[in-house]
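**Student:** Below is the structure I would like to discuss, written out as structure tokens.
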Amino acid sequence: MLQRNNRWPASILGVMLYTLVFIYAHHFWSAASEQAVRGQPELLLFLLPGCVMALLQPESPLISTLWVALGGTLLGMMWLMLAVPMTHSGLLIVAWSLSALFWAGCGALLVRLLRIMLAMRAE
């Protein structure tokens, strides 16, 4: 019963964390695009909200992480469209956002893998 009461606050916390990481990583991505930087290491920051959501909602870590990431992406995109002038094409931002969703899902799967490995070790 305690897990049911934890679902909405955990989701709101996850959306807020994901949105903050989204805005920070987008700012880093926009600033780094002026320089000759290879790759986008800022996308690895999205592992953090995925891990947090998997820890807060252990009954369905991947699905809850992806829903939270989708909500956080939409909220972050709206914030960026209202606050920051668009410097990249819309299609490029959508592709970058899908990469962020992927990395958040990887964070949730990483926590799931660690839990399975710890359970196997405890046996």
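**Student:** Against the conditions (1) at pLDDT 90 or above; (2) open to solvent by less than 40 Å² (accessible area, probe 1.4 Å), where does Leu80 fall short? Just the number, please.
**Tutor:** (1)
**Student:** Next question, about the same structure. Looking for whichever is over 18 Å from the mean Cα position of the chain (by Cα) and closer than 25 Å to Ala10 by Cα here; the options are Arg121, Arg115. Which one fits? Break it down stepwise before answering.
**Tutor:** Numbers: Arg121 fails: closer than 25 Å to Ala10 by Cα.
Answer to the check: Arg115.
So that you can scan it fast, the table gives a plain yes or no per residue for (1) free of Cβ contacts under 8 Å to residues at least 12 places away in the same chain; (2) among the basic types (Lys, Arg); (3) buried (at least 17 other Cβ atoms within 10 Å of the Cβ):
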| position | (1), (2), (3) |
| --- | --- |
| Leu56 | no, no, yes |
| Met86 | yes, no, no |
| Leu91 | yes, no, no |
| Leu110 | no, no, no |
| Arg115 | no, yes, no |
| Glu123 | yes, no, no |
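**Student:** Only residues that are closer than 15 Å to Val111 by Cα and either modelled with pLDDT under 90 or of a type in the set (Val, Ile, Thr) (or both): list them for region 1-56, please.
**Tutor:** Val52, the sole residue that qualifies.
The values are calculated or read from the model by the stated rules, or taken from the named source; none is laboratory data. From a predicted model like this one, the values you see are computed outputs, not experimental measurements. All Cβ positions, even for glycine, are placed from backbone atoms using ideal geometry, and neighbour counts span all protein chains on display. With ligands, DNA and RNA removed, areas are computed over all heavy atoms of the protein, side chains included. Shrake-Rupley method; radii C 1.70, N 1.55, O 1.52, S 1.80 Å.
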